[in-house]
Structure formats: C-alpha cells, structure tokens
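This report concerns only the one structure given below.
The values are calculated or read from the model by the stated rules, or taken from the named source; none is laboratory data. Predicted model only: the values in this text are computed from it and were never measured. Here the Cβ is made from the backbone with ideal geometry for all residues, glycine too, and neighbour counts use every protein chain on show. SASA here: full protein model, heavy atoms, side chains in, ligands and nucleic acids out. Shrake-Rupley method; radii C 1.70, N 1.55, O 1.52, S 1.80 Å.
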Amino acid sequence: MYRKHLPSAPSILIILMGALGDVARGLCIVSHIKNHRPKSKISWLVEPQWAEVVRFHPAIYRLIVFNRPRGLPAVKDLYRELSEENFDITLDLQRHFKSGFFSILSRAKRRVGFHRRNAKEFNWLMNNEHIDYSPGGLSKLDLYIRFTRHLGLPEPKSLDFGFSSLDIDAVRPHISAQLTESFVAVVMGSSWDSKDWVFEGYRQLVESILESGEIGVVLLGDRSQTEPAEQLTRIIRHPKLVDLVGKTSLLELTAILKAARTAVGPDSGPGHLAGAVKTPYVSLFGPTDPTLTAPYGSEHLVVQVKPECSPCYKRKCPIPDRWCMRQIEAGVVKAKIDQALLTST
C-alpha cells in the first residue's frame, strides 16, 4: 500500500539508466503522472547513450545525465547537479546498488524502490519506501506502473510514451527521402549474441517481403550489425531495400520505426521503442521469456520455438549456432508480419 498520496505539484526524480528497452518502457510513467498532476516537475537521471530519447519526452522538466565513463568526477558532477533541485520524491526504477546510491544523493524525503525481495545489491536499504512484492511473471512495464500505484494514482487506461509529435520528416529529411511510402523495418540484431536470428533467416524473410513489389524493407541496427546488413544488400540488390544500419541516431531510429507499417527483429531495445511509438513488432524469442519482455501492444506477434533449455537468459548460447533461434523459420515470421500488416494503417 502507498504511504501518502501524491501532492499537487511535486518535484520528482526518476532514476532509470539501464537497458534501452527498460528506458523506453519507463517513459510511460512520466505521461501518467503528468496526466494526474499537471503541475509536477519530473526530472530523469539517465546515462548518455539513452539521453536523446528521454530528452524528447515533452513532459520531462530536466534531464540529468550521469557520464559513467568519466568515473569519480562524473559522480561529483552528478552530486552537484542533484543538489540544484529540491526533490520531493525519487522513483528508483533501476533496483541496483548504483541507482540506490544515487537515490540517496537526490536527498528526496520519499525514496521509492523495489521490494526487498525484488531488489538487487542491497538496493532496498537505500530507499525508504517500496512497491509491493512481485512473485514473478510480471513485465517491467507492469512493475513500473506499480510505482505510480504506490503514489496513489489510478491504473492508466492507456499508455503514452511521449512520442506523439515525433516525425521522421522533421527529424532527418535526408533519411525520409530514402524511405518508400510503405515499408517493414527489420532490426538486424540485439545486444546479446544468443538473441540474434541467423543470417539465412533474415535473407529469406527480406526476399519474401520484397517479392510482391508493393512494400519496401528498411534495415536497422547499430554498427555491430553493419557487416551482415551490407552482405544482405549485396545479395538481394532490390531498389526497395534500404540499409540504414549504423547510420541513424537513436531518435532517428525511433522515428523510422514510427513511420514503418510494421517491424520485426529479436527481443531488443528497438522492439520496445516500436511498442512506444505504437508500431506492431514481430519479436523473435529464444533465450528470454516473452511473457516478461514482449513489446507493448505486440504480445500477440511473438514467434518462438521453445526448447527445454528456454528461457536460459544466457548471453552466449552454450549450444553451437544459437540452436533455439536457428529453429525459427522465415515463413512463420512472414505470416506474423502479414498478420500485423492487416491491422496497421
């Protein structure tokens, strides 16, 4: 149960610096709080690589960036910056020692974190209020909403992640000019080797999408996926195949996902960005659990071949050639994309 209701104009610090998918999902609580407390001032503590998407949210009052690579000087800078605000409440959505320590540095009277049994690295000791215990089986999105419930807010009827005004034409006209009117965004990889689909699967899928000539394909990803993307374009050589892997900023990638009819790829941060901009995302699952991490609004578009060892949550598959991901067939993925295209505008 929550201890106190939320005052009419609170100053709130959200601490969420971790994975891109977590940050993307956490953005919805900013909108939810502002909908019920429009006079609130919401600041967000994040690391540099995700700052761009957090900064875009129109309801963020102040973005505070912890430049972790600088080490101790970055902590000193952060302490100075946090001291400039008088926070009423800190919401520690990270649940690690580092976020707990920063929660203390915020000097907020109310520091809300995860329940002791859900927290890690003694994080619970550094916060003085805690959301209800979760026995498991809840997605991060559901857990984040529990923080607003703890503050006395009602359950949200719908979720807004702050990207309603995002437009690829405005963000980067040069990229927009390369896109076909109707296209599927294909995310070429993830941060875990074990979650990545195999190259042959991508090749078959892209060829089958382009076969009709009515819809294009845009390849997306970071620089680590540049080589397979270039290889794919060399093999297929189609005028409606556009390779933007490693060529976009994070906000540009988000805008492209929003412009897409649908998107497809592994369990990854871009998948959650697709959920945040309400683009259907066909997600390919192997070592992780879709009940916990399927993108918002696309839970019905999961493709998974589930061996006995899944979910293993191992970044490197102990079985050669990512066995569980290799079993995913391009035809099955294409069928899910067709299903998503029927319902997208």
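Descriptive notes on the structure:
- A single member of Leu166, Leu159 is assigned to a loop (DSSP other than H, G, I, E, B), of a type outside the set (Val, Ile, Thr), touching a Cys at 6+ places or on another chain (Cβ under 9 Å) and farther than 30 Å from Cys324 by Cα, and it is Leu159.
- Residue that is within 20 Å of Leu166 (Cβ to Cβ) and either over 19 Å from the mean Cα position of the chain (by Cα) or in a strand (DSSP E or B) (or both), where the choices are Trp44, Trp50: Trp44
- Where strands (runs of 3 or more DSSP E) sit wholly within the stretch 262-343, those with at least 2 residues that are under 24 Å from Val245 (Cβ atoms) and of a type in the set (Val, Ile, Thr) occupy 262-266, 302-304.
- Search result, residues across the stretch 205-216 that are part of a helix (DSSP H, G or I) and under 27 Å from the mean Cα position of the chain (by Cα): Leu205, Val206, Ile209
- Flag: Arg111 matches the condition of being of a type in the set (Lys, Arg), in a strand (DSSP E or B), open to solvent by 20 Å² or more (accessible area, probe 1.4 Å) and in contact with a strand residue (DSSP E or B) (Cβ under 9 Å, 6 or more places away or on another chain).
- Near pairs, Cβ below 8 angstrom, 6+ apart or cross-chain, from the stretch 287-303 (in the same structural domain as Leu138 (by the TED database)) to any residue that is polar (S, T, N, Q): none
- Filtered residues of the stretch 178-204 (kept if under 22 Å from Cys324 (Cα atoms), aliphatic (A, V, I, L, M) and touching a strand residue (DSSP E or B) at 6+ places or on another chain (Cβ under 7 Å)): Val186, Val187, Met188
- Among the residues listed as Leu232, Leu253, Leu219, the single one being out of contact with any Pro (no Cβ under 8 Å at 6 or more places or on another chain), assigned to a helix (DSSP H, G or I), at pLDDT 95 or above and open to solvent by less than 60 Å² (accessible area, probe 1.4 Å): Leu232
- Of residues in the stretch 169-194 being at pLDDT 90 or above and of a type outside the set (Gly, Ala, Ser), the one farthest from the chain's Cα centre (by Cα): Phe183
- Single match in Lys258, Lys278 (criterion: modelled with pLDDT of 90 or more, outside the structural domain of Leu20 (by the TED database) and on the phi > 0 side of the Ramachandran plot): Lys278
- Taking the criterion of being surrounded by 16 or more Cβ atoms within 10 Å (Cβ to Cβ) and among the β-branched types (Val, Ile, Thr), the residues of the stretch 266-314 that qualify are Val277, Thr279, Val282, Thr288, Thr293, Val302, Val303, Val305.
- Residues that are crowded, with 19+ Cβ neighbours inside 10 Å and over 30 Å from Asp160 (Cβ atoms), drawn from the stretch 53-85: none
- All positions within the stretch 98-138 that are over 29 Å from Gly71 (Cα atoms) and among the β-branched types (Val, Ile, Thr): Ile131
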